[in-house]
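Beneath this line is the structure, given in structure tokens, with notes to follow.
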Amino acid sequence: MSITPPKAGWYNEPVDKVELLWVGIALVWALIMFAMMPLWHLKGTQNMSNEAYRIHPEAFQAKVDEMVEKYKVGEEGKVQTPVVRPPAGSDVYLLARLWEWYPVLELEQGKSYRLHLSSLDWQHGFSVQPANINLQVHPGIDEVVTITPTTSGDFGIICNEYCGIGHHTMLGKIRVVAAK
């Protein structure tokens, strides 16, 4: 048995006043939110301005390896992840791959850096905790964000985009130290 069509002329019935009121409220609210989007982007601090470029994953891996070789100051963790401390104002590379963020970054408080993010394999979510920074990291895309850490301490990086069976172990770190 099929669903029967509506009665002929159903579209000519008058709309109730309460329904019109709620449609009007929703429309006004949508227009307010639409007008606020550019203002939030220009005046607010929650939207990061960024750049994105196409890059081959192997080329990005080479840039990360070059940075690690040049600025390595130690190792951390069970798998001995390198800790790098690049100079202020430099390009800093952070690589996402199953299931790690590589390497650990040590940045100076109050100094600006150009943070390059990319993935070797899948789409990953870049979320810095407890700061409210969330970005998508894609293979073949070099996502560049200018950051200036304002608070010293250790900031955890988690992947908030499901990337496979080891997703829950995909952790990284950005360490912010007081400027000398």
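Read-outs throughout are calculated quantities, based only on the coordinates presented, and are distinct from any laboratory measurement. Only a predicted model underlies this, so the values are computations on that prediction, with no experimental measurement involved. Positions of Cβ are backbone-derived with ideal geometry, glycine not excepted, and every protein chain shown enters the neighbour counts.
What to note about this one:
- Helix 17-43 and the longest principal axis of the Cα set of the chain meet at an angle near 20°.
- Distance between the modelled labels on His168 and Gln136, one decimal in nanometres: 2.6 nm (7 Å Cα→Cβ projection).
- The chain: most fluctuating residue of Lys70, Lys17, Lys43 per GNM, C-alpha cutoff 10 Å: Lys17
- Long-range amide H partners of Ile133 with built H, under 5 Å: Val128
- Helix-derived mean residue ellipticity, 222 nm - over the chain, DSSP H n ≥ 4, -39500 (n - 2.57), to 500: -8000 deg cm²/dmol
- Reciprocal of mean inverse Cα separation for the range 36-93 (Kirkwood radius, Å): 14.4 Å
- Counting only lysines at least 8 places from Lys17 when in the same chain, those with an alpha carbon closer than 26 Å to its own are Lys7.
- Highest-fluctuation residue, Pro149, Pro82, Pro130 considered, GNM on the chain with Cα pairs under 10 Å: Pro130
- Contact order normalised by residue count of the chain, Cα under 8 Å, 6+ apart, percent: 20 percent
- Spin-label model, Glu58/Thr4: points 7 Å from Cα along the beta carbon direction are separated by 6.8 nm.
- Separation of the Ser127 and Asn50 label points, Cα + 7 Å toward Cβ, nm: 1.5 nm
- Max-minus-min Cα coordinates of the range 101-180 on each principal axis give 41, 23, 21 Å, with the largest extent listed first.
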